[in-house]
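Chemist: Please see the structure below; I have some questions.
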Amino acid sequence: MNRRGRNVYRLSDIVHRFGGEVLGDADVRITQVATLETAGAGDISFLANRRYRKQLEQTRAGAVIVAAEDADATRRPRIVCKDPYAYFARVSALLNPPPAVSPGVHALAAIHPSARVAAGAAIAAFVSIGADAEVGEGSVVEAGCALGDNVRVGRDCHLYANATVYHDCVIGDRVILHSGVIIGADGFGLAWDGGRWQKIPQIGRVVLGDDVEVGANTTVDRGALDDTVIEEGVKLDNQIQIGHNCRIGAHTAIAGCVGIAGSTRVGRYCRIGGGAMIGGHLEIGDNVEISAATAVPKSILKPGTYTSLFPISPRQDWLRNASHIRHLDALAGRLRSLEARLAESEGKKND
Amino acid sequence: MNRRGRNVYRLSDIVHRFGGEVLGDADVRITQVATLETAGAGDISFLANRRYRKQLEQTRAGAVIVAAEDADATRRPRIVCKDPYAYFARVSALLNPPPAVSPGVHALAAIHPSARVAAGAAIAAFVSIGADAEVGEGSVVEAGCALGDNVRVGRDCHLYANATVYHDCVIGDRVILHSGVIIGADGFGLAWDGGRWQKIPQIGRVVLGDDVEVGANTTVDRGALDDTVIEEGVKLDNQIQIGHNCRIGAHTAIAGCVGIAGSTRVGRYCRIGGGAMIGGHLEIGDNVEISAATAVPKSILKPGTYTSLFPISPRQDWLRNASHIRHLDALAGRLRSLEARLAESEGKKND
Amino acid sequence: MNRRGRNVYRLSDIVHRFGGEVLGDADVRITQVATLETAGAGDISFLANRRYRKQLEQTRAGAVIVAAEDADATRRPRIVCKDPYAYFARVSALLNPPPAVSPGVHALAAIHPSARVAAGAAIAAFVSIGADAEVGEGSVVEAGCALGDNVRVGRDCHLYANATVYHDCVIGDRVILHSGVIIGADGFGLAWDGGRWQKIPQIGRVVLGDDVEVGANTTVDRGALDDTVIEEGVKLDNQIQIGHNCRIGAHTAIAGCVGIAGSTRVGRYCRIGGGAMIGGHLEIGDNVEISAATAVPKSILKPGTYTSLFPISPRQDWLRNASHIRHLDALAGRLRSLEARLAESEGKKND
């Protein structure tokens, strides 16, 4: 396990910052977070799911973060708070700050003379930055990233190695692009014209709001005419495809392998499960949750959880059952016919 | 929105090139395309879907492209033509030509001495080109692209930043590879041999025909023994995976996130919806349309539209209904039994 | 087709190495493998599937590899063995050895002074290697790869162009990473905290065992607290996403476009079909086979083949049948009611 970052905090320091109450020795010194199972003396762990209460009893963690109802489930030094998982997230962020930025431009970067790179930004080897592009203070651009002409990257961003941003796209502040991310490639815009596809120039941009994170190998296409917009605080996992002209509402989280076809608008505070496929030109309202591996062929305006996830079975059982799906209409017809015949039969009998 | 390209055309210039008829002022000057909603005085817009007729009435576009049946739905200067969407595509291509190529090889490119780069090609920084490789006239290879030994790239191609082409692969003329595209990685060829997987060398190539476009992060594997072939005019969206030995017929269009397993042949003029998964060793005929998110476990020889897309429901409804799928065979059996019993009962009654 | 590698072997040389028996001229000289259809005089082909027996009769291959029961199906020189496909794999590996490694570090690579690159490793242009990183003897790192601080790459590995490995990750011996692979990006770890997502630092690593192969554009996320582990001999195809904290058991093979959500453990010797989506926090036992395009929402502990792959139909048929799925519960209720009524009716009649 990675152990970078060796800041030391006492439990009393932590509750001073984040609230909550210490039970037990408030002077215990903490240097890292860990799972209940692997934590040792300098580590703080947490219980967010009561399934793991057994592990809480057995943990050797220096301290743990628990909810009030679990405060007595251990005698280890502990912080009692409302939401142990969110609390743990804050503590982990405190113990594992991003590495300090070493500002400067590597000798083997290719920066267009008209580009503006802030003095406090760090540009690694093999980065290319196009004409009139801009990289803000505190931003890190790792090896092999390519930023096209007129790209704007805000402050305190982190572009991991080999990320690509096409010309004219806009990246807000504190945005994270992981490796292999492609922002602003052409949308799939084609017109059928005389026996062949005519490409439609994609002249919109991609605009990413502040605090957006984009996972490895995720792609967000530029707009055909207007922009593709990812609003502030949106979190995208790996291998997601977002088509041209989409708008993803603020603070929506999308898990890996999701595809969203062009011109669809997803609301704020949505949660979309891994592998879901969302059709084009749809409207998904705020606070909609879509299950993993679910296909969405139509708009969903009402908040709630939606799914089309199928049960899995041993192959032989499945083949036997699934074949009937093709004949459901006939089966339903036979049922209606039976109902009519039985009603008639019962009618006669009661005559 | 991106506003590069500032060519000016009058409506009369446009119909002179592309046909159609101007109604209203043929001297209106146009510099860009836009949606009905956002277009202003110098913009031309279009109506391709009658759903947007209301927007046509309200548009402030300098001109619009419409079909004959909508010619009277606006009094703005307009071009009347048969297929407004294809016409718009041509006008947009006219107004937004690709940027001029600035030929030359960047000082920080790594070109093998035996490679042949045409004088009119543009090779950016951090591009590596292997032994005996070839890049044709007018082709652009952006930053960070890697072309292996003996790769052949035709004329007027555009390889966006960080695309990769493995050794020996062939790229036709006017091909577009977007960022993150991987052409010619090894196919998934393995033989189970004494308790472990034995890798089978993948000695075929990938051959891309003329006018192919490949979307961001799409992968096309090299053939195991023979070649993987993408015929002319095929359009591939982002994040597609095409397995070894596949052949994709000319002018087929495939939307994002599709997977096609090895040795499958897809015909000409097919359209495959986003997220569809097509099995290996299948044959898909010409003019087949496959819906989004549809799994294709067997060959489809007859033209038509095929689907296995499931209805989506609120989670609670869904759980209640989906559980029956596992028991459809039993349910169908009970129905048959009821039919027999009722027939017997009716028989008795009629005795 | 690619014809690199021009070693020559007689059939007698081959059986001397790999066993089996020659029928016909054991002095036939072989330089390459090929399909039955395309093989010529210097090629050896194979019959592994009796569907192709017709092609065996017509082949012009210099020699073929067949099972005992097909030994008489051709009069060409042939090697008779138990498992022609595995035998063919070995012969192909013999005829197509990896190109010799040309050790050395390219002048345009950026290697941190504290990194340790073995004298026999080959580092191409535009490769960046971070502080304290290590690359073992005989390993090849192609153009544009980025290895973060403290990465360890073992011996005889091959990292194809534009692969990325994040800091602290460990790559075993004889590992192949294809282009666009991202090892060790942050997992999707977020806590909902006061109306916004709080990022949870991902402090685990990715550890890849010996003889692992990872296909183009596949991503494996680093662990949140503990490591993500891919055990020895695992084969991953293209465009796969493996979430944080997963463990994939030795010798498991996973086809393209599969997604595995975080904290799931997959056993040894599993085979997972293309496009399958496996949920998080699940346990998949050893020797489990999962069909292509199947969603797995719960653990599978018993060996066997599991599927939820749906039948595909012409769109009109499908729409008619699929609509009933939403009403299966009502349909089952009507069936139960009919059964009760008929039983009552039959009871009365027998009274």
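Read-outs: derived from the displayed coordinates by stated rules, not from any lab. These numbers come from a predicted model, not from an experiment. Virtual Cβ from ideal backbone geometry, glycine too; neighbours counted across all protein chains shown.
Chemist: If we count every other residue with Cβ under 15 angstrom of C:THR305's Cβ, Lys/Arg +1 and Asp/Glu -1, where does the sum land?
Modeler: Working: positive: A:ARG315, A:ARG320, C:ARG271, C:LYS302; negative: A:ASP317, C:ASP286, C:GLU289.
Surrounding charge for C:THR305 is +1.
Chemist: Could I ask something else about it? Taking θ = phi - 60°, what integer Hz values does the Karplus form 6.51 cos²θ - 1.76 cosθ + 1.60 yield along region A:130-137, in sequence order, with x for Gly and Pro?
Modeler: With the stated coefficients, region A:130-137 comes to x, 4, 6, 6, 9, 10, x, 3 Hz.
Chemist: In terms of modelled amide H atoms, which long-range or inter-chain residues lie less than 5 Å from the amide H of A:HIS158?
Modeler: A:VAL140, A:VAL175, A:ILE176, A:LEU177
Chemist: Provide the packing ranking of C:33-45, A:111-123, i.e. peptides ordered by the mean count of other C-beta atoms within 10 Å per residue, highest first.
Modeler: Values: C:33-45: 20.0, A:111-123: 16.5.
My ranking of the peptides, most packed first, is C:33-45, A:111-123.
Chemist: Of A:VAL64, A:VAL101, A:VAL170, which has the largest mean-square fluctuation in a 10 Å C-alpha GNM of chain A?
Modeler: The residue with the greatest mean-square fluctuation here is A:VAL64.
Chemist: In region B:197-351, if the dipole is taken from +1 on Lys/Arg beta carbons and -1 on Asp/Glu beta carbons about the Cα centre, which of B:ILE200, B:ILE230, B:LEU342 is farthest to the positive end?
Modeler: B:LEU342
Chemist: Report the relative contact order of region B:9-95, percent, no decimals, based on alpha-carbon pairs under 8 angstrom and at least 6 residues apart. Write down the numbers at each step before the final one.
Modeler: Numbers: 180 pairs, mean separation 25.8, N = 87.
Relative CO of region B:9-95 lands at 30 percent.
Chemist: For the pair A:GLU21 and C:SER337, what calculated FRET efficiency results from E = 1/(1 + (r/R0)^6), where r is the Cβ-Cβ distance and R0 = 56 Å, to the nearest 0.05? Please list the in-between numbers first.
Modeler: On the way: r = 58 Å, r/R0 = 1.04.
Computed FRET efficiency for C:SER337 and A:GLU21 comes out at 0.45.
Chemist: Among DSSP beta bridges lying fully in the protein assembly as shown, give the percent that are antiparallel, nearest 5. Could the numbers behind the result be given before it?
Modeler: On the way: 30 of 228 bridges.
So the antiparallel bridges in the protein assembly as shown amount to around 15 percent.
Chemist: A follow-up question, please. Taking a virtual spin label 7 Å from the Cα of A:ARG116 along the C-beta vector, which residues in region A:157-174 bring their backbone nitrogen under 17 Å of it?
Modeler: The answer is A:157, A:168-173, whose backbone nitrogens lie closer than 17 Å to the label point.
Chemist: Quick one: dipole size for region A:218-351, taken about the Cα centre, charges +1 on Lys/Arg Cβ and -1 on Asp/Glu Cβ, in debye to the nearest 20. Walk me through the intermediate numbers first.
Modeler: Details: 16 positive and 15 negative charges, 98 e Å.
For region A:218-351, the charge dipole is close to 480 debye.
Chemist: Going toward the positive end of the dipole of the protein assembly as shown, with +1 on Lys and Arg Cβ and -1 on Asp and Glu Cβ, which of C:GLY274, A:ALA89, C:GLY24 do you reach last?
Modeler: After comparing all options, I get C:GLY274.
Chemist: If you don't mind, there's one more thing I want to ask. Which ³J(HN,Hα) values in Hz, rounded to whole numbers, follow from the phi angles of region B:146-157 under the Karplus curve 6.51 cos²θ - 1.76 cosθ + 1.60, where θ = phi - 60° and Gly and Pro get x?
Modeler: 10, 10, x, 4, 6, 6, 10, 10, x, 8, 6, 8
Chemist: Quick check on chain B: helices-only [θ] at 222 nm, where DSSP H runs of length 4 and up contribute -39,500 (n - 2.57) each and the sum goes over total residues. Nearest 500, please. Don't skip to the answer; put the middle values down first.
Modeler: Details: 5 runs with 57 residues, N = 351.
Roughly -5000 deg cm²/dmol at 222 nm, from the helical runs in chain B.
Chemist: Suppose R0 equals 60 Å. What FRET efficiency, 1/(1 + (r/R0)^6) with r the Cβ-Cβ distance, do C:ASP329 and B:THR38 give to the nearest 0.05?
Modeler: After rounding to 0.05, the efficiency reads 0.80.
Chemist: With a sphere of radius 12 Å drawn around the Cβ of B:GLY189, what net charge do the other residues whose Cβ falls strictly inside it have (Lys, Arg +1; Asp, Glu -1)?
Modeler: Details: positive: B:LYS199, B:ARG222, C:LYS235; negative: B:ASP186, B:ASP221, C:GLU213, C:ASP237.
In short, -1.
Chemist: Under a straight-distance cross-link criterion of Cα-Cα below 28 Å, which lysines are reachable from A:LYS54, leaving out those fewer than 8 residues away in the same chain?
Modeler: Leaving aside lysines fewer than 8 places away in the same chain, those within reach of A:LYS54 are A:LYS82, C:LYS199, C:LYS298, C:LYS302.
Chemist: Next up: Please compute the Kirkwood hydrodynamic radius over region B:39-126, one decimal place, Å, based on all pairs of different Cα atoms.
Modeler: Values: mean 1/r = 0.0621 Å⁻¹.
Averaging 1/r across every pair of different Cα atoms and inverting gives 16.1 Å.
Chemist: For A:ARG247, what charge total do you get from the other residues with a beta carbon under 9 Å from its beta carbon, if Lys and Arg give +1 and Asp and Glu give -1? Let's see the in-between values first.
Modeler: Numbers: positive: A:ARG265; negative: A:ASP227, A:GLU231.
Residues near A:ARG247 contribute -1 overall.
Chemist: Treating the Cα atoms of the protein assembly as shown as identical point scatterers in vacuum, please give the log10 of the normalised Debye intensity I(q)/I(0) at q = 0.05, 0.07, 0.09 Å⁻¹, two decimals.
Modeler: For the protein assembly as shown, the Cα-only Debye profile gives -0.34, -0.67, -1.07.
Chemist: Ordered by residue, what ³J(HN,Hα) values in Hz, to whole numbers, does region C:326-336 give under the Karplus form 6.51 cos²θ - 1.76 cosθ + 1.60, where θ = phi - 60° and Gly and Pro are x?
Modeler: These are the phi-based 3J(HN,Hα) values: 5, 10, 4, 5, 4, 5, 5, x, 5, 5, 4 Hz.
Chemist: Out of all DSSP beta bridges in region A:114-238, what portion is antiparallel? Express it as a percent rounded to 5.
Modeler: On the way: 3 of 33 bridges.
Roughly 10 percent of the beta bridges in region A:114-238 run antiparallel, per DSSP.
Chemist: Express the relative contact order of chain A as a whole percentage, based on alpha carbon pairs under 8 Å and six or more residues apart in sequence.
Modeler: Numbers: 954 pairs, mean separation 22.1, N = 351.
So the answer I get is 6 percent.
Chemist: Only bridges whose two residues both fall in chain A count here: according to DSSP, what percent of them are antiparallel, nearest 5?
Modeler: Values: 8 of 74 bridges.
Of those bridges, close to 10 percent are antiparallel.
Chemist: Which far-off residues, 5 or more places away or on another chain, put their amide H under 5 Å from the one on B:GLU289, with H placed in the peptide plane?
Modeler: B:ARG271, B:GLY304, B:THR305, B:TYR306
Chemist: Around B:VAL296, which amide H atoms from residues at least 5 apart in sequence, or from another chain, sit under 5 Å from its own amide H, with H modelled in the peptide plane?
Modeler: For B:VAL296, the qualifying residues are B:MET277, B:ILE278, B:GLY279.
Chemist: Calculate I(q)/I(0) for region B:222-346 by the Debye formula, one identical point scatterer on each C-alpha and no solvent, and give its log10 at q = 0.11 Å⁻¹ to two decimals.
Modeler: Cα-only, vacuum Debye calculation for region B:222-346: -0.52.
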